[in-house]
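The values are calculated or read from the model by the stated rules, or taken from the named source; none is laboratory data. Quick caveat: nothing in here was measured; it's all calculated off a predicted structure. Every residue, glycine among them, receives a Cβ derived from its backbone with ideal geometry; neighbour counts consider all protein chains shown. Protein only, heavy atoms only, side chains kept; ligands, DNA and RNA dropped before computing areas. Shrake-Rupley method; radii C 1.70, N 1.55, O 1.52, S 1.80 Å.
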Amino acid sequence: MTGQSTGAPAARTGGRATTSTDRLARLLALVPYVISRDSVALDQAARAFGVTEKQLIDDLNLLWCVELRAPDPYCPIDLSYEGGEIIVTEAESIARPLRLKVDEASALLVALRMLAGIPDLPDRDALSRVIAKLETAAGAAAAPASKVAVEVAAGGGAPDARGHLGRLRDAIARGRRVHLAYYVPARDENTERDVDPMRLLVVEGSTYLEGWCRRAEAVRLFRLDRITSLRVLDEVPAQVPEDAEPRDVDAGGLYRPSPDDVVVTLELTAQGRWVADYYPCESVRELGEGRLEVVLRTSDTRWVRGLALRLGDQGRVVAPVELAAEVRDDASRALALYGHA
């Protein structure tokens, strides 16, 4: 499940925090609002929904990607906002009741149960009612989903992640800054920093804090199972800059590569496959017999050399060849220290 917000702010509108739930409600209301008026001025619609014109244009661009199921063919919503006037057509079928196929109903129910498994989730009762209503409405189509067990471990299962999650929810609700110690696997080091929390995200089964990092002076994501300690600074209010942009994990994922990064290829044995789960990889390819080829990017190859030494016979650097040679030299020096030339 990617980009699922756990209820904390995803953006800021007119000084007020908004959530992904707010945006969904706005999108669902925007189409009938425009259709009922034939056309609406862009600035008028922005004021009506309490957003900036830029945010409204982002919503309209997202609506362009929506297709309404018709008998044949698929029918996209047609809209235009040229000249400052919003016009929406070919959206009449949005009022028709939704009919889910068995696979669609099952996928939706499994996703909702995964969401319900998040520790300390607000409005859990409301979510349970939604699941129950969907199961009743889906009837036999919901049967396959009932055979799937879903369990979510906070922050990927770190022992103290549940405590971190509760304290972070409290800090976000009260608008407090936090001080955390965070392990950075790319540099194999522990760091300390003050962070102004913005929201909590669940991405591919792991929970992340998104916030304004005072050390980096930028928006950063922190995986909860890599937070080694956390303290809420009750006396310091969070101060997220107005121009701080939440990361669009649905569109771009978690990792932001740089053109200056070194592209590294690793071959992993079945015992070394954990690397693909723990580090952000650009690509993963099965090689047979449980082996993997992974490609990742890094701005600093020192941690890759350390990773290769820790892997031992569980993996090796294939490319670039210069980096592979450096790893061999590192291994030779390490062996020499133990009298193994």
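Computed quantities for the displayed model
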read-out: Hey, Leu307 assigned to a helix (DSSP H, G or I), closer than 23 Å to Phe222 by Cα and of a type in the set (A, V, I, L, M, F, W, C) or not; value: yes
read-out: Residue that is farthest from Pro185 (Cα to Cα), among those in region 285-309 that are of a type in the set (Gly, Ala, Ser) and over 24 Å from the mean Cα position of the chain (by Cα); value: Gly288
read-out: In region 218-255, residue least open to solvent (accessible area, probe 1.4 Å) [restricted to those that are charged (D, E, K, R) and modelled with pLDDT of 90 or more]; value: Asp234
read-out: Filtered residues of region 184-211 (kept if surrounded by fewer than 15 Cβ atoms within 10 Å (Cβ to Cβ), under 22 Å from the mean Cα position of the chain (by Cα) and at pLDDT 75 or above); value: Val184
read-out: Close pairs (9 angstrom Cβ cut-off, 6 or more residues apart or separate chains): farther than 20 Å from Arg297 by Cα in region 308-332, open to solvent by 40 Å² or more (accessible area, probe 1.4 Å) and assigned to a strand (DSSP E or B) anywhere; value: none
